[in-house]
Amino acid sequence: MSTVTPADTRAVAARALAEIALDGRSLREVLARQLPQLPQSRERAFASALVYAGARGWLRWNAALPRLLQKPLPRRLGALQALLVLGLTQVEDLGVPAHAAVAATVDAARALGHDAQRGLVNAVLRRWLRERDALLARLDADAVSRARLPDWLLQALHADWPAYAASIISASNAEVPPTLRVNSARGSRADYLQCLAAAAIDAQAHAWIDSAVTLAASLDVTQLPGWFEGSCAVQDGAAQLAASLLDAPTGARVLDACAAPGGKACHILERSAVQLTALELAPARLTRVRDNLARLRLHAELRVGDATQPAAWWDGVTYTHILLDAPCSATGVLRRQPDVRLHRRASDLPALIAQQRALLDALWPLLARGGTLLYATCSILRGENAAQAAAFLAAHGDAEALPITLPAGRADGPGWQILPGEDGLDGMFYARLRKRTTC
C-alpha cells in the first residue's frame, strides 16, 4: 500500500518543474525520470497534470512571485520557486480548493527538504488569496503574462496571423486529452470504439479523420484496451494526416527522413504494405522508432544517418515517396508540449530554417520522377512553412506543388496550414511536392 502523501506528490512535481523551467530540460524526459518515484498511477497522473499545467502557466505565475516575495529566492531554492508556482497553478488553473492547495503546498516544502521555508510558502500563498484581484489585474496588464507566451512568439503570431492570434493563444493554453490513432492493420475504428465503451472509457470518433479517436479525459494509456497488442497509438489528428497526404500505395518505396518517434512511419505501414526506410541522426532516437514498430507489430528498415548527407547511407535507388517531417519551432503543439514556450528562442529560427532548406535540397535528388515528397512541420510560423516551400519551388524547376484541401485550415502559399485548436487539432503545415516526369 502506498505511503506517498499529497505533499510528496507535489514535491516530485516541483522538482520536475524546476528542471524544466529553470534548467531547460525536456518535460517528457524529466517526467519519464521523475514519475517512477510515485508508486500509484493516480499519484503519477496528478503529478503529471501539475507539471503540464505548471509549464503552461509558468510565464504567468512566476511573474507574480516578485510581487509576493520581499526578495528573490536564491537559485539553490529553484524547486521551492517551482513549488510556489504550482501552488498558484492549483488554485487558479486546476480548481483545487484554496485551503487544500495551501496546506498541501506548505507540507510539500518539508518534503522538498525546505522545512525552514514552510512559513514563507504559507505567507506567499495567503497573500495571493488576499490580494488576488489586484495581482491578477497586474498580470493581465502585461502581454506576456496575460498570454503565457514569450514576447518573440507573440510578435510572430501577430505578424503572421493577425486575424487568428487571439484564437491561437487561447488554443495554445488549453489542456487537451490524448487523441488516439487506431491501428487499421489490426481492426476497425468502430470495433475499437466498442472496446473503449466496454472498458468504460469515454471517447468519440473524429469527424473526418478516419483513424482518429478523441478521449474525453487524460489517462494512463497503457490501460487502454489492446495497448500492448498494438491496437492503437497516441497521435494528434493533425499528425495523422501525413499518411493520407503522402498516399503511398502497396509496394511503394518510402523514406521517412526524420522518423523519430515513429508515429507517422507506423501509420504509413498500417495503411499499406510499403517498403519503408526510417532514418534518424541519433541512434537513441531510432530506438524509439524501433520500440513503436515492435509494439504495433510493424516492420521497417532502420538506418542511422544524416538526411543532409545521403551519400553516407543511401543505396542509390530512388524513393517513390519521401516524408520530411522537418525539425521546426514546434509552435503548433504548445498545448501538448507546453515546455516549448520556455525553451524556444527567436534566435533559434534562422538555424532551423537553414536546416529545413538543407534537408529539402539534399533529399530531392533521392526522389524518383513522378514521386511525391511531403514536407511537414508542427510549426505555425510562415518562415518555416509557406515561405520555405515557396522558396524550394522557386529553386527547383522540376518541382511542382500538388493541391491540398482539408476540412480544417487554409491554403497558405504552396501548402496547407492548420492552426492550433481548429477541429480539435494541433497546428501543422503540409506541402505536397511532386517531381515532374519531364523537365
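The values are calculated or read from the model by the stated rules, or taken from the named source; none is laboratory data. All figures in this text were calculated on a predicted structure; none of them were measured in a lab. Methodologically, a virtual Cβ is constructed for each residue, glycine included, from the backbone with ideal geometry; neighbour enumeration extends over all protein chains shown. SASA here: full protein model, heavy atoms, side chains in, ligands and nucleic acids out. Shrake-Rupley method; radii C 1.70, N 1.55, O 1.52, S 1.80 Å.
Springs between Cα atoms under 10 Å define the GNM used for the chain, and in it the highest mean-square fluctuation of ARG357, ARG130, ARG146 occurs at ARG130. When the Gaussian network model of the chain links Cα atoms closer than 10 Å, the mean-square fluctuations of GLU229, GLU175, GLU400 top out at GLU229.
Shown for the stretch 169-267: the carbon plus sulfur share of the solvent-accessible area, taken with all protein chains present and a 1.4 angstrom probe, equals 52%.
Shown here: the stretch 195-252, whose C-alpha atoms stretch 38, 25, 17 Å along the first, second and third principal axes, sorted largest to smallest.
As a rough guide to protection, the peptides 50-56, 167-173 ranked by mean Cβ packing within 10 Å, highest first, stand as 50-56, 167-173. Using only Cα atoms and rounding to the nearest 10 degrees, what angle (0 to 90) does helix 6-23 make with the longest principal axis of the chain? On a 0 to 90 degree scale, this one is about 60.
Using only helices, what value at 222 nm comes out for the chain when you add -39,500 (n - 2.57) per DSSP H run of length 4 or more and divide by the total residues, to the nearest 500 deg cm²/dmol? For the chain, the value works out to -14000 deg cm²/dmol. Can you tell me the relative contact order of the chain? Whole percent, Cα pairs under 8 Å, sequence separation 6 or more. Value for the chain: 12 percent.
Excluding ligands, DNA and RNA, the accessible surface per residue across the chain is 42 Å² with a 1.4 Å probe.
In order along the stretch 360-368, the Karplus-derived 3J(HN,Hα) couplings, from 6.51 cos²θ - 1.76 cosθ + 1.60 at θ = phi - 60°, round to 4, 5, 6, 7, 4, x, 7, 8, 5 Hz, and Gly and Pro are given as x. Here, the stretch 79-160 is characterised by an Rg to Rh ratio of 1.08, where Rg is the alpha-carbon radius of gyration and Rh the Kirkwood radius. Amide H contacts of TYR319: LEU367, ALA368, each under 5 Å away and 5 or more positions distant or on a separate chain (H built 1.01 Å from N in the peptide plane; Pro and chain starts excluded). Largest GNM mean-square fluctuation across LEU27, LEU219, LEU88, computed for the chain with C-alpha springs under 10 Å, falls on LEU219.
The angle separating the long axis of helix 283-295 from the principal Cα axis of greatest extent in the chain is about 80 degrees.
If you line up the long axis of helix 189-198 against the longest principal axis of the chain, both from Cα atoms, how many degrees apart are they, to the nearest 10? The answer is roughly 30 degrees.
The Rg/Rh ratio of the stretch 277-434, with Rg taken over Cα atoms and Rh as the Kirkwood radius over Cα pairs, comes to 0.96.
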